[in-house]
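Please read the structure below before turning to the comments.
The values are calculated or read from the model by the stated rules, or taken from the named source; none is laboratory data. From a predicted model like this one, the values you see are computed outputs, not experimental measurements. Glycine gets a Cβ as well: all are built from the backbone with ideal geometry, and neighbour counts include every protein chain shown.
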Amino acid sequence: MRRKNWQLATCFGLLAPGLGFAQSAGAPPNFIPDAEYRANWGVSMINAQPAYLKGYTGKGVIVAVVDTGLDVDHAEFKNRISSALRNFGKDKPPNDVSHGIDESDGEIAGHGTHVSGIIGAARDGKGMQGVAYESTILPLRAVGVTGSDPNVDITNIAIKHAIDAGAKVLNGSYGEPDPPLREEKTDKDGNLLKDENGSSIPNDKYAKLNYQGIFNNPQSFEDTANTLREAARADMVLVFAAGNDAVFQPDGYSAIPSGPAMLPLINPENTKAGVLYNFIDTSRDDYDPNNPDTYYGFDSKTTEYAENLDFSDLKGAILAVVAVDKDGTIASYSNRCGAAAAWCLAAPGGDLQDGSHSAPYSTWPTSTGKPYKEEDGTSAAAPHVAGAAAVVRSAFPYFDARQTIETILTTTTKSGLFEDAAKYGQGLLNLGNAINGPGEFRYQGVFDVDTQGYDSVWTNAIKGVGDLTKRGNGILALTGKNTYTGGTTVLGGTLGVEGRVEGNVSVSDRGVLAGTGSVGNVTLSQGGMVSPGSTLDAAQVVNALTVTGEFIQGAASSYLAQLAADGKSDLIDVNGRATIDGSASVIIQPETSSTIRLNHRYTLISATGGVYGTYGTVVKPDTPFVDMNLIYDSRNMFLDLARSSVAFADIADSHNQRATGGAVEKLGANNAIYNSMLFLSDWQARNAFDQLSGEIHASIRAGLVEDSHFVRDAANDRLRAAFRSTGSASVSGLRYGTGAQSAAPAAPGEITFWGKGFGAWAQFKADGNAGRFRKSTGGFILGGDRFVGQNWRLGVLTGYSHTSFHANGRASSGSSDNFHLGLYAGTQRNAWNFRSGLGYTWHRIKTNRSVAFSDFSDKLSARYNAGTFQAFGELGYRVDTAVAALEPFANLSYVHFKAKHFSEDGGLASLSGKSQSNGNIFTTVGLRATSTFELGATEADVHGGIGWRHAFNRVNPKTDLSFNNQASFSVKGTPIAKNAVVLEAGLTVKMGKASSIGIAYQGQFGSGVREHGLEANVAVRF
């Protein structure tokens, strides 16, 4: 069985006897049609610029090019050649797709490179750019070469390889051999015959055939058809040149495409009629290619086989491409679309034959080193379409091959010259239109679209008898005035009708019908939803959807009705009758609750033909603060909103929530905070109150009062160390943040300077009112003292610390820079020890808060000053034992904290705080122990202690606040521990006669409070 001998469809190939050549994503929004863009006039002719302005460039799409190979080193394809490239000729290794050399002139035979350049030459500032200049090229060298098996059509093998390589577009700029019947005589292989002078021999039998001759055994077509079917099932767009047979046969022979482009025409009816084409048996002894009278059909058996061939199912899988010149006229050499008009279109191919010297400029490499060249042919027209297909597939990645093909065919330019379907089929390729979606639904069931989560817009006015089915997640918006009559079904995601859809629309199975345009009859069934409002413009999310026919809200379907400011709401405006099933539901959703109008009536449905039935379920915000009621009359359905009798404070679970809720209530309905609360549920409102409360300002008070011990502990520790030489134990205090001061025995009149560094971390648990609160403090204290009188020691101290605060549950944080100053004094009488002091700390406080609930948000900050005064005294009694020195002790302290007035910077949620103070008394009783041992050549003390601390007066700090000096309220912070156990353990080492160093751990464990700290200290006597 003879296999087809495909050949290139490029006109410049006519110079090579027997070959019959007939080849004549994302871009930036500011794409400029520069010299590189204009170099190939075809890119401009197909209106590609709008695609580039939207960022569609074919990126990510693999385009298979079944041709003569590719100059893989050409700069225009750098980093965009598929690694699956393959050579199917037996003359080169499988991975060598390079072109051969034309022996007649030494030129590199760059047909495949020329074609690939039109498809996808890079936009790199050189030469020219291809249509899909970010696509990936898959070169498959299978044309003009011989395979290892002469009985196998290697183009079919190449196409199957393209399937495996994941190509989504295939370009075939090849076809049947040139017509053998020419004005000059040829041999049976199509080679021109010469006389003894080397001149061609006129053919006196030449005639213009009124049909296309197929000079191949019909059985050879079946393999090709099956291969193309396999490629179509693999979701590949198949683009083929229509051929250049008009050079030799300008009438009936070239009235239809040839080669793979004409396969869908082959069916029993056309084969028997013999009008469009005829199979010619070239194996007969009397066959003469120069005499049409010898063009006979096959034997009866083969004829019967041919008459049963039916490739009409390929009609939706192939794009046939004819060539046009710069002015749009059909190229002199090009086949016409004719009977293949349904899948045929025109693209730039140029025409060097008519003397116009217009041909597409592309990447034809030559032996002279010129990487670009002009050539014409349908081989140049086809890659314009293949490149366009790649761009369309990048614009609509959810399209299958058939949908891509239909979009290209139904968005062509059809006016003027291109109205002639016999020549141009569907018209001239118009990529700028194609990236706006289909222009016509020509057939039922083709646009059954799964948008796969993509949001997409079709702006063309779609006509036709076909239908649309929308599936999958994502939004598909239709903005054109669509007149297609086949109906619309929404089975998933959202269909936004922003223009017009005249036919019937049905919605079910989790599909949503939205938009601000108009639709015909609408039927919603189980799982379907209607939600008027724009899918494109956020400012028109709340709007009306017009139903020009009947509206049926079927069983188990729903209506999502959004409410906006100024009394606006979603509206279904029905020109006919509105019928509502009792099992349907309406879902009320405020767009922005801060602008919702209370005591107002919203119109949700208006029907000229009347409203029949009522919604069985009203799904509304789970709020106790607003009453919502549906009201019906004969032609309308309304929604009434009114403030309920439930006060904000009524749903509070804590003091702070109740106080804040009461303050928000006082703000009134003209306030955005108030309005934003209206559609919150109970728990959402409580969370909002916690955020609004400014609770951190009260909790900071507790944290800074707790930190007051750093000053008094430092003084007490130093005094215990100072009296060690007179019998006092070198024992540090029991409070968190304190530690042993090393003994530095001092003679009368000598001054001892000392210092300590400390760090502490504390956590206050939530108490059912205030939230969890954390703080961390680090700093140092320096001091000096000397003996005064007989047995008193007097000193002064100063220091600095920094405290950070975090109330994550309230989206609040803060910090305080603390500056310390104090006096201390102590004495010893026998076993009795007395220690006392005064201290003051200046605080510079900063806070930051975030408030976000419903549609309200605010960022708030404050800076203000505060101060802590304290007075303290401690009495201890030393008891010496054989192993350690013990000291039972009692401590009494008074701490007074005062914060000055402040006002937060921010928006409506900013708070003002009054100048307020609070005082606490702390008592601590416990036992300390110290043991001294030798450590090498020096001495060391190991010490520890335990105690119990009790706080008097108010342990829940309170702060009086107001919203911008109105609507005042009081909140409480995390409490100071009323009762706590304090622990300490440490080590002090003498470093000589006049100095010592120490390290200690301190901890506090009370009701709701956990603190841990470390300190290091040093003392030096001068």
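State all residues of segment 926-950 that are among the small types (Gly, Ala, Ser) and either touching a Lys or Arg at 6+ places or on another chain (Cβ under 7 Å) or surrounded by 14 or more Cβ atoms within 10 Å (Cβ to Cβ) (or both); if no residue qualifies, say none.
Gly926, Ala929, Ser931, Ala940, Gly944, Gly945, Gly947, listed by residue number.
Just give me the residues in segment 439-456 being closer than 15 Å to Leu495 by Cβ and among the hydrophobic types (A, V, I, L, M, F, W, C), in sequence order.
Phe441, Phe447, Val449
Please work out which residue is modelled with the highest pLDDT, limiting yourself to segment 970-984 and to residues that are of a type in the set (S, T, N, Q) and closer than 22 Å to Phe805 by Cβ.
Ser970
Looking for something in a strand (DSSP E or B), surrounded by fewer than 22 Cβ atoms within 10 Å (Cβ to Cβ) and outside the structural domain of Glu134 (by TED's automatic domain parsing) - is there at least one such residue anywhere in segment 204-211?
The answer is no; no qualifying residue exists.
What residue, of Ala702, Ala688, is buried (at least 23 other Cβ atoms within 10 Å of the Cβ), at pLDDT 95 or above and among the aliphatic types (A, V, I, L, M)?
Answer to the selection: Ala688.
Let me confirm something: among Arg829, Arg835, which residue is closer than 20 Å to Phe872 by Cα, at pLDDT 95 or above and of a type in the set (D, E, K, R)?
Working: Arg829 fails: at pLDDT 95 or above.
Testing whether each residue is closer than 20 Å to Phe872 by Cα, at pLDDT 95 or above and of a type in the set (D, E, K, R) leaves just Arg835.
Scan segment 846-864 and give yes if some residue there is in a strand (DSSP E or B), in contact with a Ser or Thr (Cβ under 7 Å, 6 or more places away or on another chain) and among the hydroxyl-bearing types (Ser, Thr, Tyr), otherwise no.
The answer is yes; a qualifying residue exists.
Residue under question is Ala380, and the condition is that it be of a type outside the set (D, E, K, R), in contact with a Ser or Thr (Cβ under 6 Å, 6 or more places away or on another chain) and closer than 20 Å to Leu70 by Cα; does it hold?
In short, yes.
Could you pull out every one of the strands (runs of 3 or more DSSP E) wholly within segment 563-617 that has 3 or more residues that are hydroxyl-bearing (Ser, Thr, Tyr)?
Ranges flagged: 600-607.
Do we have Asn47 as part of a loop (DSSP other than H, G, I, E, B), surrounded by fewer than 19 Cβ atoms within 10 Å (Cβ to Cβ) and either assigned by TED's automatic domain parsing to the domain that holds Ala359 or modelled with pLDDT under 60 (or both) here?
Answer is no for this residue.
What do you reckon, is Ser606 outside the structural domain of Leu678 (by TED's automatic domain parsing) and among the polar types (S, T, N, Q)?
yes
Which condition breaks for Gly445 when tested against (1) closer than 20 Å to Ala339 by Cα; (2) of a type in the set (Gly, Ala, Ser); (3) assigned to a loop (DSSP other than H, G, I, E, B)?
Among (1) closer than 20 Å to Ala339 by Cα; (2) of a type in the set (Gly, Ala, Ser); (3) assigned to a loop (DSSP other than H, G, I, E, B), the lone unmet condition for Gly445 is (1).
Can you confirm whether Ala642 is assigned to a strand (DSSP E or B) and surrounded by fewer than 22 Cβ atoms within 10 Å (Cβ to Cβ)?
Against the criterion (assigned to a strand (DSSP E or B) and surrounded by fewer than 22 Cβ atoms within 10 Å (Cβ to Cβ)), Ala642 qualifies.
Conditions tested, residue by residue: (1) part of a loop (DSSP other than H, G, I, E, B); (2) in contact with a strand residue (DSSP E or B) (Cβ under 6 Å, 6 or more places away or on another chain).
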residue	(1), (2)
Ala225	no, no
Arg229	no, no
Leu238	no, yes
Gln249	yes, no
Glu269	no, no
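Any idea which residue in segment 933-969 is nearest to Gly1003 (Cα to Cα), counting only those that are at pLDDT 90 or above and not in a strand (DSSP E or B)?
Per the criteria, the residue is Phe952.
Out of the residues in segment 452-465 meeting the condition of being crowded, with 21+ Cβ neighbours inside 10 Å and over 25 Å from Gly527 (Cβ atoms), tell me which one is farthest from the chain's Cα centre (by Cα).
So, considering only residues that are crowded, with 21+ Cβ neighbours inside 10 Å and over 25 Å from Gly527 (Cβ atoms), the one farthest from the chain's Cα centre (by Cα) is Gly464.
So which pairs qualify, if the first residue must be in segment 147-175 and within 19 Å of Pro94 (Cβ to Cβ), the second must be part of a strand (DSSP E or B) and among the β-branched types (Val, Ile, Thr), the Cβ gap must be under 7 Å, and the two must be at least 6 apart or on different chains?
Every condition considered, the pairs that remain are Thr155/Val66; Ala158/Val66; Ile159/Val66; Ala165/Ile62; Gly166/Ile62; Ala167/Ile62; Ala167/Val63.
Looking at the structure I just gave you, is Asn953 of a type in the set (S, T, N, Q) and loosely packed, with under 13 Cβ neighbours inside 10 Å?
Yes: the conditions hold for Asn953.
Among the residues of segment 529-578, write down those that are among the β-branched types (Val, Ile, Thr), surrounded by fewer than 20 Cβ atoms within 10 Å (Cβ to Cβ) and within 25 Å of His600 (Cα to Cα).
Val541, Thr546
Condition first: more than 17 Å from Val65 (Cα to Cα), assigned to a helix (DSSP H, G or I) and under 40 Å from the mean Cα position of the chain (by Cα). Now tell me which residues in segment 394-419 satisfy that.
Residues satisfying the conditions are Ser394, Ala395, Arg402, Gln403, Thr404, Ile405, Glu406, Thr407, Ile408, Leu409.
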